[in-house]
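Have a look at the structure below before the remarks.
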Amino acid sequence: MPITTCIFDAYGTLFDVAAAARSAASEPGRETFARHWPAIAEKWRLKQLQYTWLRAVMGEHVGFWQVTQDGLDWTLEAEGLGDDADLRERLLQLYWELEAYPEVPTMLAALKEAGKDTAILSNGAPDMLDGAVKSAGIGALLDDVLSVESVGIFKPARVVYDLVGQRFGCAPEEVLFVSSNGWDACAAAGYGFNTVWVNRAGDPVDRLPAAPDRQLTDLSGIPDLARS
């Protein structure tokens, strides 16, 4: 069945989640932080994700902004920077302005030119996603931005993936689902989507019931896969 709909995870897939820490590290007066920023970016992202999974299992849903703050607070304390309120505020501010990966606008434009529906499906809250999309200037290249807030549970709950068919009226086999999170790509494959894992770090495939159909190192090859 031909691909009609291309769905993208947001954070880490379209938007560079390390950009906030990297940008802060380049600012004057943050020389101490500059020595820590790669570890902080990595730990912040990991804790953010872990808190989504744990809250989903516990049935204790909060918005993605809360788990983003909680993950940062844990990380700053772990790195001995828990008392730096100015740094915390700056990092959270920059998270609303994350950079898109350089290939994103061209890739999305090619999909639209090919007549594909395009959308984000994200754990992010609607206002966070709106800020990121506007900051990256890609709003005109997306048909919709779908958030887990409409169902009140984080990915990889199946009801989140249901949102795609509900919005676009497509069968799972018509969907190309793209994520930089291996666990997300695996879950989407198990759901029935055609899946691409954007494996920028060269990590092994997660040991889960399903595996992604394809792996890429960036998003530039997505239009070709959507046409195949």
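The values are calculated or read from the model by the stated rules, or taken from the named source; none is laboratory data. Note that the coordinates shown come from a computational prediction; the quantities given were computed from them, not determined experimentally. Positions of Cβ are backbone-derived with ideal geometry, glycine not excepted, and every protein chain shown enters the neighbour counts. In case anyone asks, the SASA skips ligands and DNA or RNA and just uses the protein heavy atoms, side chains included. Shrake-Rupley method; radii C 1.70, N 1.55, O 1.52, S 1.80 Å.
Listed values, structure above:
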| read-out | value |
| --- | --- |
| Lone unmet requirement of (1) touching an Asp or Glu at 6+ places or on another chain (Cβ under 7 Å); (2) outside the structural domain of residue 129 (by the TED database); (3) under 17 Å from residue 122 (Cα atoms) for residue 36 | (3) |
| Residues satisfying the stated conditions in the stretch 1-21, i.e. part of a loop (DSSP other than H, G, I, E, B), farther than 25 Å from residue 87 by Cα and touching a Leu at 6+ places or on another chain (Cβ under 7 Å) | 3, 9 |
| Exclusive hit being open to solvent by 60 Å² or more (accessible area, probe 1.4 Å) and at pLDDT 95 or above, set 99, 113, 103, 174 | 113 |
| Selection status of residue 190, open to solvent by 30 Å² or more (accessible area, probe 1.4 Å) and on the phi > 0 side of the Ramachandran plot | no |
| Cross-chain or 6+ apart pairs with Cβ under 6 Å, the stretch 79-95 first and open to solvent by 20 Å² or more (accessible area, probe 1.4 Å), then part of a loop (DSSP other than H, G, I, E, B) | 79/36 |
| Number of the condition not met by residue 24 [criteria: (1) open to solvent by 10 Å² or more (accessible area, probe 1.4 Å); (2) modelled with pLDDT of 95 or more; (3) assigned to a helix (DSSP H, G or I)] | (1) |
| Qualifying residues in the stretch 27-45 (those that are in contact (Cβ under 8 Å) with a residue 24 or more places away in the chain and of a type in the set (A, V, I, L, M)) - the one surrounded by the most Cβ atoms within 10 Å (Cβ to Cβ) | 40 |
